[in-house]
1. In the neighborhood of ALA76, defined by Cβ-to-Cβ distances under 15 Å, what is the net charge if each Lys or Arg adds +1 and each Asp or Glu adds -1?
2. Taking the chain as a Gaussian network, where each spring joins two C-alpha atoms under 10 Å apart, which residue of PRO114, PRO381, PRO189 fluctuates the most?
3. Among LEU112, GLY336, PHE148, whose Cα sits farthest toward the positive end of the charge dipole of the chain (+1 at Cβ of Lys/Arg, -1 at Cβ of Asp/Glu, about the Cα centre)?
4. Please list 100-108, 277-285 highest first by mean number of surrounding beta-carbon atoms within 10 Å per residue.
5. Rounded, prolate or oblate: pick one for the chain, where a ≥ b ≥ c are the square roots of the eigenvalues of its C-alpha gyration tensor, a/c under 1.5 means rounded, and failing that, prolate if a/b is larger than b/c, else oblate.
6. Over the chain, what is the mean sequence separation of C-alpha contacts under 8 Å (at least six apart), divided by residue count, expressed as relative contact order in percent?
7. Work out the FRET efficiency for VAL33 and LEU194 from their Cβ-Cβ distance, taking R0 = 51 Å, and round it to the nearest 0.05.
8. Under the 0.36 nm per residue contour assumption, what length would be gained going from the current alpha-carbon distance of TRP373 and LEU282 to full extension?
Amino acid sequence: MERLDAILYGVSFYAYLVSFVLYILHIALKKDVLGKVATGLGAIGLLPHTAAIIARGIQQGHVPLANMYEYMGLMAWMVVLGLIIFVIRYRNTRIGVFMMPIAVMLLVTASLLPSDVNRQLMPALQSTWLAIHVSLAALGSGSFLIAFAAAALVLLTSGSDSDKLHSAKVKELKAFSWLEFGLFWIGAPLAVWLLLSIAGLLPPQVNIAMAGNQQGAFTSFAVGKGMDASLLGGLAIGLGIGLVVTSAVWPFIHYRLPLKMRGNGMHEFMTIVLALLLSAILAGFLVKNGTITLTPRSYLKIFEFFAPVLVLSWVLTPIVHVVIGSSAAGWLPKMGVARPILQEISFAAVAIGYPLYTVGALFAGAIWAEQAWGTWWSWDPKEVGALIIWLFYTVFLHARYQRRWSGDRAAVLLVLGMLFVFISFFGNYFFGGLHSFEVT
């Protein structure tokens, strides 16, 4: 018999999915009644969503915040609540078209994670501070997701008030430069791999059967299943490191390239970010079904994962570019949400999420860690990730309120901030640590 919480999650998911479709029709057909129905349906879906969280807690006998499935469900709840609040605040139902799909995607992703009911918690999780720590961190992360969605639309509608220093030339730029993409996102990672190979800095490749006898650093990364699997660990690690290097240097070199070599920076940035996010989801599926095998207990495993993400992005980037281009010429101008409102929503979401994340992820987390493990700080990968995220959004708020950053520059920071949140959230799969129970 199917669990009650799973049934309730399913009801809320379909309510959100239909709501999203109605939001799209609302914009396409310009029928205000569709927007109101979509918002009402989202609010109705929030009821079984809330009931699912409560039912799961009752069924388990403890607060349902002990794994990534439950954490992601609470993030989705926060996104829908934020949607309703902002629709009421700005009296604009069209806001839902870029916030509701996030809730849908979160619930879809959560459904792929282990969701078994866990009635017996390990001693480290048997603390009131767990509920405070994880719930506030999840709600804060949900707010950051709202800010990400609004900031992404700010960048996708870039051009009206951005690139002021290049206003005379920006019209000459292509929306996307395939030459630049080929040089930086294909050529540069391959060059990094080649240099590391020549220098002998890549670990030896071994299969799983030999891994137990291998001394020192090694890689058993493979593509395929069984005896037909191909060992490509050296290439994977080289490309993964190349992706990190390219991501770090590309923003500094982009505006120094000749006009004929580069495209619109904001359009290229969002195209590549969205392509990489979609590629990461697909790569995760491939790892889960065994098509890609990562090296167990390896600090280089994150680079092994980055490699298929990069390669998949080579295929998905043209598709995302076409979709963004058609959207920019189609529904984006008709969306009816002005860029200043999008910027206000992104700033307001961070203003809500920042104190929640500060109290939950840092202060409550430190108190919980002291009670569970006897130390406030242990340099656990998840702790370091939470600190980096907090520092990043602290810098953003400083840039926003002290340096008066706005428009595209602020939006880029919010998109990067959400990437840090994603890496920290799924980091347990790669770095392990005291929070590794969250992958269950």
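No lab work stands behind these numbers, since they all come straight from the coordinates. Since we're looking at a predicted model, the values are computed, not measured. As a convention, Cβ positions derive from the backbone with ideal geometry for all residues, glycine included, and neighbour counts pool all protein chains shown.
1. Values: positive: ARG56; negative: ASP5, GLU70.
It works out to a net charge of -1.
2. Maximum among the listed residues: PRO114.
3. GLY336
4. Details: 100-108: 22.0, 277-285: 17.3.
Answer by packing, highest mean first, reads 100-108, 277-285.
5. oblate
6. Numbers: 594 pairs, mean separation 89.2, N = 440.
This gives 20 percent for the chain.
7. 0.30
8. Taking 0.36 nm per residue and subtracting the Cα distance, the gain is 29.2 nm.
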